[in-house]
Amino acid sequence: MERINKILIHLKYIDYLNRNFESEKTRVFCHHDLRHAIDVSRVAYILALEENLNIKKDLIYAAGLLHDIGRWQEYLTGMDHALISAQFAPEILKSCGFTPSEENIICCAIRNHRKERAQNMSLDRILYRSDKLSRPCNECLAIHQCKRFSPREKPKLHY
């Protein structure tokens, strides 16, 4: 996991997380911060193990850590953060020792992490699922405003 540790201390990665933080200071919904990125990575890795998929752990973690690095740009421009994140990721991946083939797999998953896909389990599908499963919706005070759930689906909180 040496390459993952390099991502975590990469100056561009830290800058992008800081930009997300600044852009989401007043956001009442889930944030796109390091906690979320690590949660997505962990859930994705668990899904891969459960499905007996042959995807290297560091590819899964790299995709999870980088999938939202362009979120701040979406707030500024309205462009899809998945596409922006996939554009930002190669510079970080290359400097952390990932091969062009690995970069392609990771960036494809980042680009597609907002799209529900019916195809076989792949890094794309695992990243999509883990992004959804990692959210602590049962703790959220703004859940009734969240567009993730229809009004009938919104859970009732008792605290």
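The values are calculated or read from the model by the stated rules, or taken from the named source; none is laboratory data. Just so it is clear, the structure is predicted and the values come from calculations on it, not from any experiment. All Cβ positions, even for glycine, are placed from backbone atoms using ideal geometry, and neighbour counts span all protein chains on display.
A few remarks follow.
- Counted residues, the range 74-94 - those being of a type in the set (Ser, Thr, Tyr) and in contact (Cβ under 8 Å) with a residue 24 or more places away in the chain: 2
- Residue that is modelled with pLDDT under 90, part of a helix (DSSP H, G or I) and among the small types (Gly, Ala, Ser), where the choices are SER130, SER85, SER101: SER130
- Counting residues in the range 59-82 that are surrounded by fewer than 22 Cβ atoms within 10 Å (Cβ to Cβ) and among the aromatic types (Phe, Trp, Tyr) gives one or more.
- Among residues of the range 1-34 being part of a helix (DSSP H, G or I), touching a helix residue (DSSP H, G or I) at 6+ places or on another chain (Cβ under 7 Å) and in contact (Cβ under 8 Å) with a residue 60 or more places away in the chain, the one that is farthest from LEU93 (Cα to Cα) is TYR16.
- Top-ranked residue in the range 1-20 [being surrounded by 15 or more Cβ atoms within 10 Å (Cβ to Cβ) and of a type outside the set (D, E, K, R); ranked as modelled with the lowest pLDDT]: ASN20
- Complete set of residues in the range 56-79 that are under 13 Å from the mean Cα position of the chain (by Cα) and among the acidic types (Asp, Glu): ASP68
- Criterion violated by TYR45 - all others in (1) of a type in the set (Phe, Trp, Tyr); (2) crowded, with 21+ Cβ neighbours inside 10 Å; (3) under 25 Å from GLY97 (Cα atoms) satisfied: (2)
- Verdict on VAL40 being exposed (fewer than 14 other Cβ atoms within 10 Å of the Cβ), touching a Leu at 6+ places or on another chain (Cβ under 8 Å) and at pLDDT below 95: no
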